[in-house]
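The values are calculated or read from the model by the stated rules, or taken from the named source; none is laboratory data. Remember, predicted model here, so these are calculated numbers, not experimental data. Reconstructed Cβ throughout: ideal geometry from the backbone, glycine too, with neighbour counts over all protein chains shown. Ligands, DNA and RNA are excluded from the accessible area calculation, which covers all protein heavy atoms including side chains. Shrake-Rupley method; radii C 1.70, N 1.55, O 1.52, S 1.80 Å.
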Amino acid sequence: AGIGAYAYNDKTGPTSRTGVALQLSKHIRFNDGGVFALGIEARVQQYAIDMSKIEASLPGDPVLGAKDNRFKFDAGFGISYSNEKFQIGAAVSQLIQSKLDVYTGNLNRTEEARLYRHYYLTGRYNWDVDGSTTISPNFMVIYLPNAPVEVTGGARVEHNKLLWWGLGYRSTQSWMLSAGLHINRKISLGYAYDIYNAPVSSFDGGHNAHEFLLRFNFVK
């Protein structure tokens, strides 16, 4: 069994999400070395709207008089199978599809804002090139209602289980470069850099994304 947790703060224009999540997993090991895993997640978050950022472009909109934040509970679920050669998995987040319902007036509404479900499909294949170098092509597909399907593909190269680097492409969004180092069986360091394409680059002010990774494995 495994347990994990994280806290996050994500801002997109006038909206932001701040929350904490707790995750539990169960791993079933087979005699051939394969592992089947089940995971669940519980999440509490605050969804907020900065009204001052939209009042200039939406004068008189009744939402401007609504509550500027909501606390919501949500959940996620995922399954995965992996062995030395490949991994395949599927997951869904925002399983409950919590209603935001920031508007508190008396107007009749035909639509209601909610946190729609996100569906994920992932896969990876490990190609042992020469006994010391492994190349791992990988992909991820993300689907959610009312949005284009997003496909991410790439490959990661690992040398002697010590150094690794990778290249990826996220459809209509960005190129991704990454590299890392396994200090020992317990500690890993990594860095990733996203280079945005249009249309995302039209709204990010010319900035790209940096991600730093520090991982500690609690293993014997």
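Numbers at a glance
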| item | result |
| --- | --- |
| Odd one out for residue 102 among (1) modelled with pLDDT of 90 or more; (2) of a type in the set (A, V, I, L, M); (3) in contact with a Lys or Arg (Cβ under 8 Å, 6 or more places away or on another chain) | (1) |
| In the stretch 108-150, the residues that are under 19 Å from residue 170 (Cα atoms), open to solvent by 70 Å² or more (accessible area, probe 1.4 Å) and either in contact (Cβ under 8 Å) with a residue 60 or more places away in the chain or of a type in the set (A, V, I, L, M, F, W, C) (or both) | 121, 139, 149 |
| Residue check, residue 55 farther than 22 Å from residue 120 by Cβ and touching a residue at least 40 places away in the same chain (Cβ under 8 Å) | no |
| Candidates 70, 124, filtered to the one that is more than 20 Å from residue 4 (Cα to Cα), outside any loop (DSSP other than H, G, I, E, B) and at pLDDT below 95 | 70 |
| Some residue of the stretch 197-208 being at pLDDT 90 or above, farther than 20 Å from residue 11 by Cβ and either surrounded by 12 or more Cβ atoms within 10 Å (Cβ to Cβ) or under 20 Å from the mean Cα position of the chain (by Cα) (or both) | no |
| Matching residues in the stretch 1-34 - criterion: being open to solvent by 50 Å² or more (accessible area, probe 1.4 Å) and under 30 Å from residue 53 (Cα atoms) | 6, 7, 9, 10, 11, 12, 13, 17, 18, 20 |
